[in-house]
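A short worksheet on the structure shown next.
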Amino acid sequence: KTQPTVVSVLDFVESLENKQRQSDAFALLDIFAKVTQQDAVLWGSSIIGYGTYSYKTADKKTHQFMRTGFSPRKQNMALYIMVGFNEFEEKMRQLGKFKTGKSCLYINKLSDIDVQILQELIQLSLDEMGRRYPD
């Protein structure tokens, strides 16, 4: 249901009221651009995504979604590691302070985590996505 838009990612980030969240979002734009070598696209109203992949649901319909990205939410930053975290236990132990969902990494602020480890996680996730969903 969440689709890519033509809304400016920079305008979206500049519109964030929470200055810490805005600052972290700008830093994450740089981190994700460096790792993915892709342009940021605003998906829906608040998700900044990089790359796309196609998948089929049980009803045989084909959908597209981003390969990775993040969303600067009011409560926290949600970073999308689409393959989940089971394969990255060692990296997760090194990351810092966070919570996880199925494919979401939740952080309060960027300074709570090791940015180098985050970059490695993003790259590992993209590598696995490439194996599971080749272009």
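The requirement of being open to solvent by 20 Å² or more (accessible area, probe 1.4 Å), part of a helix (DSSP H, G or I) and among the polar types (S, T, N, Q) is not satisfied by residue 45. Take the residues in the stretch 1-16 that are open to solvent by less than 70 Å² (accessible area, probe 1.4 Å) and either part of a helix (DSSP H, G or I) or among the basic types (Lys, Arg) (or both); name whichever of them is farthest from residue 117 (Cα to Cα). Among them, the one singled out is 12.
Taking the numbered list (1) open to solvent by 40 Å² or more (accessible area, probe 1.4 Å); (2) more than 21 Å from residue 25 (Cβ to Cβ); (3) not in a helix (DSSP H, G or I) in turn, residue 53 passes all entries but (1).
Scanning the stretch 83-135 for residues that are farther than 27 Å from residue 64 by Cα, outside any helix (DSSP H, G or I) and β-branched (Val, Ile, Thr) yields one hit, 113. Closer than 30 Å to residue 6 by Cβ and in a loop (DSSP other than H, G, I, E, B), is that true of residue 39? Criteria met by residue 39.
Of the listed requirements (1) touching a residue at least 60 places away in the same chain (Cβ under 8 Å); (2) touching a strand residue (DSSP E or B) at 6+ places or on another chain (Cβ under 6 Å), residue 96 misses just one: (1). If a residue has to be open to solvent by 60 Å² or more (accessible area, probe 1.4 Å) and more than 20 Å from residue 28 (Cα to Cα) to count, how many in the stretch 82-135 make the cut? Of the residues in that region, 11 qualify. Among residues of the stretch 61-78 that are within 13 Å of residue 2 (Cα to Cα) and part of a strand (DSSP E or B), those with a beta-carbon under 8 Å from a residue that is among the small types (Gly, Ala, Ser) and modelled with pLDDT under 95 at least six positions away or on a different chain give the pairs 63/54; 64/54. Only one of these conditions is not met by residue 19: (1) among the charged types (D, E, K, R); (2) surrounded by 10 or more Cβ atoms within 10 Å (Cβ to Cβ); (3) closer than 25 Å to residue 111 by Cβ. Which number is it? Result: residue 19 passes all but (2). In the stretch 21-40, the residues that are free of Cβ contacts under 8 Å to residues at least 60 places away in the same chain and under 16 Å from residue 120 (Cβ atoms) never reach a residue that is open to solvent by 70 Å² or more (accessible area, probe 1.4 Å) and among the β-branched types (Val, Ile, Thr) with C-beta atoms less than 8 angstrom apart, at least six apart or across chains. Each residue in the stretch 22-35 was checked for being open to solvent by less than 50 Å² (accessible area, probe 1.4 Å) and either modelled with pLDDT under 95 or in contact with a helix residue (DSSP H, G or I) (Cβ under 9 Å, 6 or more places away or on another chain) (or both), and 9 pass.
The values are calculated or read from the model by the stated rules, or taken from the named source; none is laboratory data. Here the structure is a predicted model, which means the values were calculated and not measured. All Cβ positions, even for glycine, are placed from backbone atoms using ideal geometry, and neighbour counts span all protein chains on display. Each accessible area value is taken on the protein alone, full model and side chains, heavy atoms only, with ligands, DNA and RNA left out. Shrake-Rupley method; radii C 1.70, N 1.55, O 1.52, S 1.80 Å.
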